[in-house]
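Participant: One structure follows; several queries about it will come next.
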Amino acid sequence: MDITPQLLTTLEKISDPKDLLKEIFSRFGNRAAIGTSGQLTGSVLIDMACQTGLKPRIFTLDTLRLFPETYELFSEVEKKYGIQIEKVHPDPTKLSEMIREHGEYLFFDSKEKQELCCNIRKVEPNEKMLETLDVWITGLRADQSRARASTAKFEIQSRGENKPPLLKVAPLVDWTEKQLRNYATQHQVPVHPLLNWNHEGWYYESLGCILCTTPIGPNEARRAGRWRWFNALDPNANKECGLHGLKKIGR
Ligand code: SF4
């Protein structure tokens with residue numbers, strides 16, 4: 001199905017995220033999917049999508065480096081909703097070449113090597129997954145970081161020449177943490193145990209790979225816990241992994 005201006009206008013008029021998910025999955029079926037990393041937003045989106053009565057397609061980028069609790073959460077979600085979360089893995093050949101050349105823990109060495117690791121383990125598998133989709137539903141929220149403050153609910157992205165554009169949708173872009181928590185409690189949404197972890201004000205704000213994700217302190221930026229060893233070198237270091245780097249061409 002083409003991403004037309006008329007379609008976008010129709011979708012933009014739907015303010016309720018559950019209705020929006022229903023409209024998207026009814027129109028696009030398996031060409032639409034929710035991407036989740038185990039964050040609360042992803043779990044809430046899955047709950048909403050499953051309530052529509054449709055069979056939503058869900059995927060996660062399994063970097064093979066996730067927290068054990070993340071795998072446990074996915075099993076719980078699959079059991080509760082009777083769904084299968086597609087685990088998208090890195091290319092095994094590229095992965096072993098990277099480890100052979102740079103070592104298992106290359107991300108500690110430099111920003112370039114961290115980006116290389118993210119590229120092999122996340123960005124390339126994500127791009128492969130997106131080739132099977134017309135609509136990519138994400139859990140991005142505007143209040144997650146300065147870099148994400150300008151996130152739009154609808155964004156048309158270019159995938160390169162002679163390829164159809166991709167519609168990226170962030171149904172909960174303007175939701176707050178409190179709204180998410182309230183929804184999760186009301187609807188008994190499975191919550192990642194690390195998101196309920198708190199030690200003297202330190203807590204997990206974002207969940208990624210096990211060695212690259214640490215809790216943040218009370219006055220730290222929300223993504224400060226990612227690749228923490230770079231903070232000392234550059235407090236304004238880019239804390240994004242490159243997943244959301246496709247070129248915007250509309251909305
Ligand atoms: Fe590699 Fe760390 Fe990026 Fe995961 S978050 S892909 S381990 S650099």
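Participant: Over region 154-233, consider all pairs of different Cα atoms and compute the Kirkwood hydrodynamic radius from their mean reciprocal separation; express it in Å, one decimal.
Facilitator: That comes to 15.6 Å for region 154-233.
Participant: To make sure I understand, if each residue's beta carbon is the centre and we count other beta carbons within 10 Å, what order do 176, 138, 214 fall in, fewest to most?
Facilitator: 176, 214, 138
Participant: Just want the ordering: 136, 197, from fewest to most Cβ atoms lying within 10 Å of their own Cβ.
Facilitator: Ordered by Cβ neighbours within 10 Å, fewest first: 197, 136.
Participant: Also, I was wondering about something else. Can you give me the orientation-averaged projected area of the convex hull built on the Cα atoms of the chain, in nm²?
Facilitator: 13.8
Participant: Right, something else. How high is the relative contact order of region 74-202, in percent, counting Cα pairs under 8 Å that sit 6 or more residues apart?
Facilitator: The normalised contact order for region 74-202 reaches 17 percent.
Participant: Report the extension gain between residue 14 and residue 87 in nm, rounded to one decimal, defined as 0.36 nm multiplied by the number of residues separating them, less their alpha carbon distance.
Facilitator: The span from residue 14 to residue 87 would gain 23.3 nm if fully extended.
Participant: Same structure, new question: Starting from 0.36 nm per residue, how many nanometres of slack lie between residue 112 and residue 211 once their C-alpha separation is accounted for?
Facilitator: Working it through step by step, the gained length comes to 34.0 nm.
Participant: Strictly over 32 Å apart at the Cα level, which of 55/111; 94/153; 79/111; 79/122 would you flag in this model?
Facilitator: Violating the 32 Å Cα-Cα cut-off are 55/111; 94/153; 79/111.
Participant: Quickly rank 54-60, 2-8, 123-129 as a protection proxy: mean count of other C-beta atoms within 10 Å, highest first.
Facilitator: The densest-packed peptide leads the list: 54-60, 123-129, 2-8.
Participant: Using only Cα positions of region 48-87, each an equal point scatterer, no hydration layer, compute I(q)/I(0) via Debye at q = 0.14, 0.16, 0.18, 0.19 Å⁻¹ and quote the log10 values to two decimals.
Facilitator: Here the Debye-derived log intensity ratios amount to -0.33, -0.42, -0.52, -0.57.
Participant: Let me ask something else. Quick one: net charge of residue 77's neighbours, Cβ under 13 Å, K/R +1, D/E -1?
Facilitator: -3
Participant: Order by neighbour count: 1, 98, fewest other Cβ atoms within 10 Å first, most last.
Facilitator: With the sparsest Cβ surroundings first, the list reads 1, 98.
Participant: Compute from the Cα atoms of region 1-90 the Rg and the Dmax, the latter being the longest Cα-Cα distance, and quote both in angstrom.
Facilitator: Rg, Dmax (Cα atoms, Å): 14.2, 44.
Participant: Ok, one more. When all C-alpha to C-alpha distances in region 73-212 are sorted into bins of 5 Å, what percent of pairs does each bin hold, rounded to whole numbers?
Facilitator: 2, 7, 11, 15, 19, 20, 15, 8, 3, 0, 0
Participant: Where nothing but the Cβ of Lys and Arg (+1) and of Asp and Glu (-1) is charged, how large is the charge dipole of the chain around its Cα centre, in debye to the nearest 20?
Facilitator: The dipole of the chain has a size of about 440 debye.
No value in this document is a laboratory result; all are computed from the given coordinates. Quick caveat: nothing in here was measured; it's all calculated off a predicted structure. Virtual Cβ from ideal backbone geometry, glycine too; neighbours counted across all protein chains shown.
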